[in-house]
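Take this structure, written in structure tokens, and hold onto it; I'll ask about it next.
Please treat every number below as a calculation from the coordinates, not as lab data. Remember, it's a predicted structure, so these values are computed and weren't measured experimentally. Note that each Cβ is placed from the backbone with ideal geometry, even for glycine, and that neighbours are counted across all protein chains shown.
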Amino acid sequence: MKISVVTPSYNQGRFIERTLDSVSSQEGADVEHVVFDADSNDGTKEILASYRHGIRWVSERDRGQAHAVNKGIKASDGEIIGWLNSDDVYYPGALARVVDFFERHPDVDVVYGQADHIDVDDRAFESYPTEPWDLRALQERCFICQPAAFVRRSALERYGILDESLHYCMDYELWLRLGRAGAAFAFLEEKLAGSRLYQENKTLGSSVAVHREINGMLRRTIGAVPDQWLVSYAYMVTRDHLDERDHPVWFSREVSARSLLAAIRWNNAVSRTLMARLFPRWFAAQ
């Protein structure tokens with residue numbers, strides 16, 4: 001089986017060669033690598049032009065990360081699709097293990113493995129919190145690490161590619177959409193990738209916007225936002241202007257209040273579960 005690795009890119013010149021090397025060094029798998037760069041101006045295009053290990057690349061303006069990934073999917077022809085951002089890396093042997101799993105399990109549509117969070121120097125500092133497949137649990141927390149996830153092209157043709165209206169949680173929406181449609185997921189308990197986490201990257205640097213988009217997506221996708229996401233959003237908003245260590249009581253009170261407002265905003269109600277979590281003593285006395 002052939003695996004197509006799609007890399008969306010924009011101004012990641014300090015990392016992209018490490019991303020390219022992590023793909024070109026893979027052994028034991030038939031791999032094509034396509035890069036769709038959004039007209040970077042930081043030296044990325046020069047790195048792509050001089051790279052000598054068989055990549056195909058295009059540099060042109062696009063409509064965002066999801067659009068770039070979708071272009072890569074359409075421009076490639078492998079039976080398996082991997083999506084590797086231009087600051088993430090595959091671990092040695094990852095793609096051969098993925099292809100082998102798909103070949104041995106023809107009924108599986110999506111395979112996802114374990115991963116690490118890595119810093120700017122490629123050092124792993126924590127494991128990504130992956131879990132065995134459970135659709136109900138996935139609605140409450142995203143336990144699939146995107147660079148360690150791989151999808152059959154046939155599943156994308158059946159259920160659709162990325163939602164280009166999303167800027168942060170397009171991968172999470174895809175997993176939910178495929179899972180709710182009946183796609184078969186499998187968890188490969190092996191470390192496959194390093195997902196780079198640092199202050200300037202899109203997810204960590206825009207935590208409130210990320211959580212706001214997730215809540216809106218969940219409301220549209222499953223009809224309601226689970227309490228965990230409401231509380232997490234409230235925490236991120238409060239953290240933007242109040243230090244939890246300096247004002248623990250006020251911080252807790254504001255998170256509680258904002259959680260209730262978030263429940264009204266996205267769910268048009270305040271759930272009993274959320275009330276019990278935020279006000280356990282009062283709730284127990286009722």
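Just give me the residues in region 32-64 being of a type in the set (Asp, Glu) and closer than 14 Å to Ala75 by Cα, in sequence order.
Of everything in region 32-64, those that are of a type in the set (Asp, Glu) and closer than 14 Å to Ala75 by Cα turn out to be Glu32, Asp37.
Enumerate the pairs (first residue in region 19-33 and in contact (Cβ under 8 Å) with a residue 12 or more places away in the chain; second residue anywhere and part of a helix (DSSP H, G or I) and surrounded by fewer than 19 Cβ atoms within 10 Å (Cβ to Cβ)) with beta-carbon separation below 8 Å, excluding pairs fewer than 6 apart on the same chain, so at least 6 apart or on different chains.
Close Cβ pairs (under 8 Å, with a partner that is part of a helix (DSSP H, G or I) and surrounded by fewer than 19 Cβ atoms within 10 Å (Cβ to Cβ)) amount to Gln26/Ala96; Glu27/Ala96; Gly28/Ala96; Ala29/Ala96; His33/Ser24.
Just checking, how many residues over region 46-57 are crowded, with 17+ Cβ neighbours inside 10 Å and over 14 Å from Arg18 (Cα atoms)?
1
Would you point out the residue of region 164-198, among those that are without any contact (Cβ under 8 Å) to a residue 40 or more places away in the chain and part of a helix (DSSP H, G or I), that is surrounded by the fewest Cβ atoms within 10 Å (Cβ to Cβ)?
Looking at residues that are without any contact (Cβ under 8 Å) to a residue 40 or more places away in the chain and part of a helix (DSSP H, G or I), I get Ala181.
Only one of His117, His105, His67 is within 24 Å of Ala186 (Cβ to Cβ) and either free of Cβ contacts under 8 Å to residues at least 60 places away in the same chain or touching an Asp or Glu at 6+ places or on another chain (Cβ under 6 Å) (or both). Can you tell me which?
From the options His117, His105, His67, the qualifying one is His117.
Conditions tested, residue by residue: (1) of a type in the set (Asp, Glu); (2) over 24 Å from Leu162 (Cβ atoms).
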| site | (1), (2) |
| --- | --- |
| Ile55 | no, no |
| Ser59 | no, no |
| Arg63 | no, no |
| Glu79 | yes, no |
| Asp100 | yes, yes |
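I'd like to check something: does region 211-230 contain any residue that is in a strand (DSSP E or B), closer than 24 Å to Glu126 by Cβ and more than 17 Å from the chain's Cα centre (by Cα)?
No, there is no match, as no residue in region 211-230 is in a strand (DSSP E or B), closer than 24 Å to Glu126 by Cβ and more than 17 Å from the chain's Cα centre (by Cα).
So is Arg14 closer than 29 Å to Arg97 by Cβ and surrounded by fewer than 17 Cβ atoms within 10 Å (Cβ to Cβ) or not?
In short, yes.
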